[in-house]
1. In the stretch 97-134, what count of residues is obtained for those that are within 16 Å of ligand 1 (Cβ to nearest atom), of a type in the set (A, V, I, L, M) and without any contact (Cβ under 8 Å) to a residue 12 or more places away in the chain?
2. Which residues, taken from the stretch 177-188, are out of contact with any strand residue (DSSP E or B) (no Cβ under 7 Å at 6 or more places or on another chain), touching a residue at least 24 places away in the same chain (Cβ under 8 Å) and part of a helix (DSSP H, G or I)?
3. Looking at the structure I just gave you, is Ala144 surrounded by 22 or more Cβ atoms within 10 Å (Cβ to Cβ), over 19 Å from Gly82 (Cβ atoms) and either touching a strand residue (DSSP E or B) at 6+ places or on another chain (Cβ under 9 Å) or of a type in the set (Asp, Glu) (or both)?
4. Six or more apart or on different chains, Cβ under 6 Å: which pairs go from a residue in the stretch 148-176 that's free of Cβ contacts under 8 Å to residues at least 40 places away in the same chain and under 24 Å from Phe94 (Cβ atoms) to one that's open to solvent by 40 Å² or more (accessible area, probe 1.4 Å) and in a helix (DSSP H, G or I)? Could you list them?
5. Is one or more of the residues making up the stretch 218-230 under 16 Å from the mean Cα position of the chain (by Cα) and under 19 Å from Val13 (Cβ atoms)?
6. So the check is Cβ under 8 Å with 6+ separation or different chains; which pairs have a first residue in the stretch 223-249 that's at pLDDT below 95 and a second one that's of a type in the set (Gly, Ala, Ser) and in a loop (DSSP other than H, G, I, E, B)?
7. In the stretch 84-111, which residues are among the basic types (Lys, Arg) and open to solvent by 70 Å² or more (accessible area, probe 1.4 Å)?
8. Name the residue that is nearest to ligand 2 (Cβ to nearest atom), counting only residues in the stretch 160-176 that are surrounded by 15 or more Cβ atoms within 10 Å (Cβ to Cβ) and part of a helix (DSSP H, G or I).
Amino acid sequence: MKVISVITEKGGVGKTTTSIHLGATFSEMGKRTLIIDFDAQRNLSLGYKIPKDFPYTVKNFIEKTGNFRLTQKGENLLILAGDRNIEESIYKRFDLKEMIDILASKMTLDFIIIDCPPRPLSGKIGLGEIALCASDYILSPIEAEEYSIEGINELLPSVKRIIDNHNPKLKFLGFFFNKVLTNTKNFKEYSDLAKKQAGQYFLETFIRQDVNVEYAKKEGKTIFQVAPNSRASEDYKNLVREILNKIEK
Ligand SMILES: Nc1ncnc2c1ncn2[C@@H]1O[C@H](COP(=O)(O)OP(=O)(O)OP(=O)(O)O)[C@@H](O)[C@H]1O
Ligand SMILES: [Mg+2]
């Protein structure tokens, strides 16, 4: 079983969208996949039409109350619902990891994807640190603009600190550009700059901006269902291929 955290400092860059499409592709391939909504905004749970007041959440899970439930969303796809009060309690660094290990000893899972909140590594032991202590891999979407480059510079040292002090098996799968407008000056400029600064951490694949992503979200579906031949659909398939290649290496 491999655990992948989807994490960025900046909000709104595509973590939840990426978690959903990774989960959809893995499960379609026959891999038993669980997505954990680890964000108080609950965007992922809302995307899967899990009711607002659904009481069996990741908070119950991490607090070891036994009162959690996985929601089945397809033959091989399970969701652990988010909780809008997840940030109210203080957790220990390995609370999530301990529960994931218990879960994995009771059921077969090939992948767990953790959809992290924005600014996950700030302050005390944040949710991002707890997620990364439970993970094998980090995946990080960014947008080609100034602040995302700053985000890289914020994320990398924090990740290194966690690897060095708490989770030596954690690996950086990579950054990838999302919502890309190809052939624009901005994209060329910032992707060159980012790759100059942190080129070894970048995946080849990028996801183009595509209105079908919004349409899919509105319908609570994936882009593969709504627009299978669209740009973003093609790009997400390539992204998963690149990720699996890297994991299998
Ligand atoms: N490739 C894309 N093309 C067009 N729109 C996109 C694309 N990827 C994501 N979006 C849109 O951008 C918005 C933000 O995406 P998403 O919710 O996945 O970001 P996030 O990083 O999870 O945000 P947050 O930090 O708030 O959790 C959503 O409305 C989503 O539909
Ligand atoms: Mg999100």
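1. 0
2. Within the stretch 177-188, Asn186 is the sole residue that qualifies.
3. Working: surrounded by 22 or more Cβ atoms within 10 Å (Cβ to Cβ): yes; over 19 Å from Gly82 (Cβ atoms): yes; either touching a strand residue (DSSP E or B) at 6+ places or on another chain (Cβ under 9 Å) or of a type in the set (Asp, Glu) (or both): yes.
Taking the combined requirement at face value, the residue satisfies it.
4. Leu170/Ile163; Phe172/Tyr201
5. Among the residues of the stretch 218-230, at least one is under 16 Å from the mean Cα position of the chain (by Cα) and under 19 Å from Val13 (Cβ atoms), which makes the answer yes.
6. Between residues of the stretch 223-249 that are at pLDDT below 95 and residues that are of a type in the set (Gly, Ala, Ser) and in a loop (DSSP other than H, G, I, E, B), there is no close pair.
7. Arg84, Lys92, Lys106
8. Per the criteria, the residue is Ile162.
The values are calculated or read from the model by the stated rules, or taken from the named source; none is laboratory data. Owing to the predicted nature of the structure, the values given are computational and were not obtained by experimental measurement. When we count neighbours, we look across all protein chains shown, and the Cβ atoms used for this are built from the backbone with ideal geometry, even at glycine. Calculation scope for accessible area: heavy atoms of the full protein, side chains included, ligands and nucleic acids excluded. Shrake-Rupley method; radii C 1.70, N 1.55, O 1.52, S 1.80 Å.
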